[in-house]
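The values are calculated or read from the model by the stated rules, or taken from the named source; none is laboratory data. No experiment lies behind these values; they were computed from the predicted model shown. When we count neighbours, we look across all protein chains shown, and the Cβ atoms used for this are built from the backbone with ideal geometry, even at glycine.
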Amino acid sequence: MPATNEATKVSWLFLTETEAETVDAVSARIFPSGDGKPGARETRVITYIDKTTADEDEALRRCYRDGVEALNALTSEQYGQRFAELPEERQDEVLERIEASTAPESTRTPEGPEDEGLLATFFALVWEHTIQGMFCDPQYGGNHEALGWQLVGFPGAQWGYNAEQMRAGFDSKTIPIKTLEDLRRELKRADD
Amino acid sequence: MTETAEAIVVGLGASGGIIAEQLTKAGIRVLALDKGPVHTTEEFTFKQDEVKYYSRGSLVPQLATDPVTWRPDDKSTARLLPWAAGVRGNSEPLHLPPSIGPGGGTLHWGGAAWRHRDADFRMKTLIEERFGPDALDADSTMVDWPIGYDDLEPYYDRVEWELGVSGQAGNVKGAPNPEGNPYESPRERGFPMPPLRTAPADDRFKAACQRLGYRPFQQPAAVASTDYKSLKGCEYCGFCHGFLCHVNAKQSSRITSVEAALQTGNLEIRSNSRAFRLDRDPSGRRITGVSYFDADGNVHQVRSNLVVVACYALENSRLLLASGINANGQVGRNFMTHSFGWCSLVLPEFSNPFMAPLVAASVVDDLNCDGVPDNDEGVLWGSVLTSIPGDLQPIEAAHNLPPGMRRWGQGFKDWFSENYRRLMGIHNQVPSFPSKKYYCDLDPVVKDKFGQPALRITHDWSAHDLAALKYFEKVKRSIAEEMGATQFWSEPTPPAYHLSTHEVGTHRMGENPSDSVVDIYGESHECEGLYVVGGGQFPTLSGYNPTQTLQALAYLSADRILDKV
Ligand SMILES: Cc1cc2nc3c(=O)[nH]c(=O)nc-3n(C[C@H](O)[C@H](O)[C@H](O)COP(=O)(O)OP(=O)(O)OC[C@H]3O[C@@H](n4cnc5c(N)ncnc54)[C@H](O)[C@@H]3O)c2cc1C
Ligand code: SF4
């Protein structure tokens, strides 16, 4: 599935179109959307990643830049297509192989093929950022409309919880979700 | 002309804050140097932000600016802490040195507030009495403490009443109370605040433990259950361990001792000021001041004949070594830390683990110290066993998944959205034993951006650590089963990390200047007027969290300093 959600139509702060398409496709395999519940695409993980790479240091940016290139080089060589163009089952196979055949940067042996270490680090990084993009405060660009929090039943940026809410078995989905922005508005109202 | 100060305190964390307060209240003008920034309460009003504080670890020192290296043994080459060094700098804020800036580790700690038991001060004697003189490794450097529980009791009392701890006493002057810890050593009085409300799954944990014959009670907590002195009652927000408190319910030296010291008008805080050398007179036997870098890297020197170094056990030993204060070769020796054997459970009903502070929970102390039953694994010394029903946000939770489960894809999504609200943790704190093999020194290669050598840690998990982790995993598994958990798993053994935020022992206190670094008041044997305080003084690590004991020691040091001046 090409990356055609709303978020990807905006212009990117750091990522190129191809990079955004590729990273979006990877994160959509981490938190897929096919079940009708929000996944990485609905929560706009890619927007989170774009903002993060723009803000962070050069090492991180290089890892994205080189990682996307290596991933697409690998799938082009093996299947004649960019990663994002592959069917989902194929994408999963590729990611499984990356995960199984290599270890992330810090544990890899110096003799290991350079690209494999790079791809494992890249996938570990996209995984990390996909989790963050799913569950960050929406001010960071991901967790759009708090959909990630809704999915897991996390009420977000609460000032606190009362004894009734702290009973075992309490259904947290009955607590209205708050973002930091909501909290700010609330406190401002209280001040006025 | 070189600047002169009546007293210098380097590091305003848990112990430095206390000493600064006591000295300034006695009229001494104190200059405090702290390498971190000054934080304000206002800054934390909107701290409900997991990306900022957990993922990006914005409070802790970054490995890029504050490198620390590790190797498992002295034949390996040390590298930047591999469990924490990720592609974007730090990837694990909870296994690094504590947060920086006035407040230190108490800015973002969990607040488990323990007194040691009487037995903790006599670990070596008790182990040898029970298991024989050869029970400890040939490499063991274990010694008993030069002080006992009775010496520290009045100081524990001061921590609880001056700074604020909530809990239920189990033994006031020998009178037992079954609601409190049945094993605690006698205390003069109870806690100034009642226990906190517990997190949702705690009742289930407590009931299961009782059915199994344990005697659970509520964790004493450096978190206010009601308004108390400068603390406000906890709101149970659940962004607690690893975060700052937005209402000042968590006891932090930033708002307790440091604030009190500022109010005397006798404390000047110089933040973003990084001490790099302790200066001495030509004989080397007397402290003369401290040299530090300001934020721009300019070098400054301040003279004083009273210097208190309170930069945490790791940086304390690094500063001593970098200053060449190590005549007997004991600085950095006897490194100790905890392994947690972190276990996770999925419960049949909602546990809502995102509520409440980490410490709003029950603990089991039946298996701690010399109370650990005879066992096949060969465990010589026990540990407290703690339930962690709260304080868990989604990003952190996603980093602790059952082994063998694919961490991505539809299966992962289903599992996580179904089970996040049913998670709970149980852990314990296996104390590592001091050994010739485990120590800190200066890294011969790695330097920070000011050209100062990084601290190098040489440590591995010992056979005893692994045996204790195995033993306690069985206990935790049986509790989880009794609780009706539908899933149970443990963190990998041996643990990937070698820092637990409970590092101690690196500038051991003792009466004999040939085999210890400081005396029981924290004063250097080698260099008069230099006090080096904190967990680094501990001769052994107990199965409890260390901070209340190092806070008690800080009051003891302050009394001594005031007696002498
Ligand atoms: C996430 C976390 C949770 C924890 N939970 C608990 C708990 O529940 N219970 C418990 O008992 N303990 C807990 N701890 C441990 C606790 O924080 C420490 O034991 C305690 O803070 C140590 O006190 P200290 O005075 O030795 O050093 P710190 O409190 O760490 O203070 C050191 C100070 O020195 C400053 N400094 C360091 N180097 C320099 C330098 N070169 N120049 C100038 N200043 C410097 C730092 O900025 C800091 O302010 C936790 C720690 C962490 C990180
Ligand atoms: S749980 Fe309580 S002590 Fe912890 S940060 Fe929230 S309000 Fe503060």
- Message: Going through B:Ala169, B:Ala78 one at a time, which residue ends up being modelled with pLDDT of 95 or more and within 14 Å of chain A (Cβ to nearest Cβ)?
- Response: B:Ala78
- List pairs: first in the range B:107-128 and within 16 Å of ligand 2 (Cβ to nearest atom), second of a type in the set (S, T, N, Q) and at pLDDT below 95, Cβ under 6 Å, 6+ apart or cross-chain? B:Leu107/B:Ser99; B:His108/B:Ser99
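Here is a check on your reading of the model: is B:Tyr521 within 14 Å of chain A (Cβ to nearest Cβ), of a type outside the set (S, T, N, Q), touching a Ser or Thr at 6+ places or on another chain (Cβ under 9 Å) and more than 16 Å from ligand 2 (Cβ to nearest atom)?
Values: within 14 Å of chain A (Cβ to nearest Cβ): no; of a type outside the set (S, T, N, Q): yes; touching a Ser or Thr at 6+ places or on another chain (Cβ under 9 Å): yes; more than 16 Å from ligand 2 (Cβ to nearest atom): yes.
Against the criterion (within 14 Å of chain A (Cβ to nearest Cβ), of a type outside the set (S, T, N, Q), touching a Ser or Thr at 6+ places or on another chain (Cβ under 9 Å) and more than 16 Å from ligand 2 (Cβ to nearest atom)), B:Tyr521 does not qualify.
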- Message: Condition first: without any contact (Cβ under 8 Å) to a residue 40 or more places away in the chain and either under 25 Å from B:Pro546 (Cα atoms) or within 16 Å of ligand 2 (Cβ to nearest atom) (or both). Can you find one or more residues in the range B:204-221 that meet it?
- Response: no
- Item | Filter pass, B:His39 being surrounded by fewer than 21 Cβ atoms within 10 Å (Cβ to Cβ), under 25 Å from B:Tyr438 (Cβ atoms) and within 16 Å of ligand 1 (Cβ to nearest atom) | no
- Query: Would you pick out the residues in the range B:347-367 that are hydrophobic (A, V, I, L, M, F, W, C) and more than 14 Å from every other protein chain (Cβ to nearest Cβ)?
  - Reply: B:Leu358, B:Val359, B:Val363, B:Val364, B:Leu367
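Report yes if B:Ala199 is touching a Pro at 6+ places or on another chain (Cβ under 6 Å), within 16 Å of ligand 2 (Cβ to nearest atom) and touching a residue at least 60 places away in the same chain (Cβ under 8 Å), otherwise no. Spell out how you get there, then give the answer.
On the way: touching a Pro at 6+ places or on another chain (Cβ under 6 Å): yes; within 16 Å of ligand 2 (Cβ to nearest atom): yes; touching a residue at least 60 places away in the same chain (Cβ under 8 Å): yes.
Against the criterion (touching a Pro at 6+ places or on another chain (Cβ under 6 Å), within 16 Å of ligand 2 (Cβ to nearest atom) and touching a residue at least 60 places away in the same chain (Cβ under 8 Å)), B:Ala199 qualifies.
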- Note on the structure: In the range B:234-248, anything within 14 Å of ligand 1 (Cβ to nearest atom), aliphatic (A, V, I, L, M) and within 11 Å of another protein chain (Cβ to nearest Cβ) is listed as none
- Any chance B:Asp370 is charged (D, E, K, R), surrounded by fewer than 23 Cβ atoms within 10 Å (Cβ to Cβ) and more than 11 Å from chain A (Cβ to nearest Cβ): yes
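Run down B:Leu63, B:Leu31, B:Leu80 and say which single residue is away from ligand 2 (no atom under 16 Å from the Cβ), touching a Pro at 6+ places or on another chain (Cβ under 7 Å), in contact (Cβ under 8 Å) with a residue 12 or more places away in the chain and not β-branched (Val, Ile, Thr). Break it down into steps so the answer makes sense when it comes.
Details: B:Leu63 fails: touching a Pro at 6+ places or on another chain (Cβ under 7 Å); B:Leu31 fails: touching a Pro at 6+ places or on another chain (Cβ under 7 Å).
Result of the check over B:Leu63, B:Leu31, B:Leu80: B:Leu80.
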- Item | Breaking point among (1) within 16 Å of ligand 1 (Cβ to nearest atom); (2) buried (at least 21 other Cβ atoms within 10 Å of the Cβ); (3) closer than 30 Å to A:Pro138 by Cβ; (4) at pLDDT 95 or above, for B:Gln48 | (1)
- What are the residues in the range B:136-191 that are β-branched (Val, Ile, Thr) and closer than 17 Å to B:Gln218 by Cα, if any? B:Val165, B:Val172
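Among the residues of the range B:57-73, is there at least one that is farther than 25 Å from B:Leu499 by Cα and part of a loop (DSSP other than H, G, I, E, B)?
Taking the range B:57-73 and keeping what is farther than 25 Å from B:Leu499 by Cα, we get none.
No, the range B:57-73 has no match at all.
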- Counted residues in the range B:81-111 being outside any loop (DSSP other than H, G, I, E, B), modelled with pLDDT under 95 and under 20 Å from B:Gly11 (Cβ atoms) come to 1
- Item | When residues of the range B:232-270 are limited to those that are buried (at least 23 other Cβ atoms within 10 Å of the Cβ) and not in a loop (DSSP other than H, G, I, E, B), the one nearest to ligand 2 (Cβ to nearest atom) | B:Lys250
- Mind checking which residues of the range B:511-534 are on the phi < 0 side of the Ramachandran plot and among the small types (Gly, Ala, Ser)? B:Ser514, B:Ser516, B:Ser524
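Return a yes/no flag: does the range B:48-55 have any residue that is part of a loop (DSSP other than H, G, I, E, B) and not small (Gly, Ala, Ser).
Initial filter on the range B:48-55 (part of a loop (DSSP other than H, G, I, E, B)): B:48-49.
Retained after the next criterion (residues that are not small (Gly, Ala, Ser)): B:48-49.
Yes: the range B:48-55 contains one or more residues that are part of a loop (DSSP other than H, G, I, E, B) and not small (Gly, Ala, Ser).
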- Message: I'd like to check something: does the range B:318-335 contain any residue that is hydrophobic (A, V, I, L, M, F, W, C) and in a strand (DSSP E or B)?
- Response: no
- Count - residues of the range B:192-233 that are within 11 Å of chain A (Cβ to nearest Cβ) and acidic (Asp, Glu): 2
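Quick one: which of B:Ala112, B:Ala135, B:Ala175 is surrounded by 21 or more Cβ atoms within 10 Å (Cβ to Cβ) and among the small types (Gly, Ala, Ser)? Show your work before the answer.
Values: B:Ala135 fails: surrounded by 21 or more Cβ atoms within 10 Å (Cβ to Cβ); B:Ala175 fails: surrounded by 21 or more Cβ atoms within 10 Å (Cβ to Cβ).
Answer to the check: B:Ala112.
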